[in-house]
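Before any comments, here is the structure.
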Amino acid sequence: MTKSVSEQVLKGLMLLSLDGDEAAYRRLLVVLRDLLLAFYRRRLGSNADRDGEDLVQEVLLAVHSRRITYDRDRPFTAWFFQIAKYKLIDHFRANDSKRGVEITLGDEIAAEFREEALFAHLDVERLLDQLPAKQRELLRQVKIAGKTTAEAAIETGQSEAMVRVSIHRGMRAIGRKLGFANDEK
């Protein structure tokens, strides 16, 4: 279950639950429970069976009690896994496990849920949203999805030359917004 759940799905369930959708909230808790069990199983080793379920319950209670603090504009998984990480650190401290705290502090969350990756994705989306629709779509197709300019041309009904020009202009516009390009032609 943990590999098939995306930030988008989790955030969507959270937002629905914050808006009062009880079914979405129940579904969110079930998915989070599965994520937490996998998260703690990797970090607790031989103590996973003994301590994992208690930690899962602590995190789910913390999510419930702190859900009003969740910022709808931020990635949900970064917020959620931060709670999970701190509960694990508290657990290791309570059990006087210095080694465990060091491992936990040095351990990163799975790549698809790292805060930096999530913010980078959001930054790219924000930049793309500032472009005209044609450029935005072509950049998504060619630069993000990996399609060739020929494939994008066929899909959009444009010539390959127009696709290349539009992509070039879109990249220049993004570069200017980031301060990396000048207006020389």
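The values are calculated or read from the model by the stated rules, or taken from the named source; none is laboratory data. Worth saying up front: this structure is predicted, and the values here are computed from it rather than measured. No Cβ is skipped: glycine too gets one built from the backbone with ideal geometry, and neighbour counts run over all protein chains shown. In case anyone asks, the SASA skips ligands and DNA or RNA and just uses the protein heavy atoms, side chains included. Shrake-Rupley method; radii C 1.70, N 1.55, O 1.52, S 1.80 Å.
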Check off (1) assigned to a loop (DSSP other than H, G, I, E, B); (2) modelled with pLDDT of 85 or more for residue 2 and give me the number that stays unchecked.
(2)
Just the residues that are open to solvent by 70 Å² or more (accessible area, probe 1.4 Å) and either among the polar types (S, T, N, Q) or over 21 Å from the mean Cα position of the chain (by Cα) (or both), please, taken from the stretch 130-147.
130, 132, 134, 137
Residues in the stretch 11-31: is at least one assigned to a helix (DSSP H, G or I), at pLDDT below 90 and surrounded by fewer than 16 Cβ atoms within 10 Å (Cβ to Cβ)?
no
Considering only helices (runs of 4 or more DSSP H) fully contained in the stretch 59-163, which possess at least 3 residues that are farther than 30 Å from residue 13 by Cβ, modelled with pLDDT of 85 or more and of a type in the set (A, V, I, L, M)?
149-156
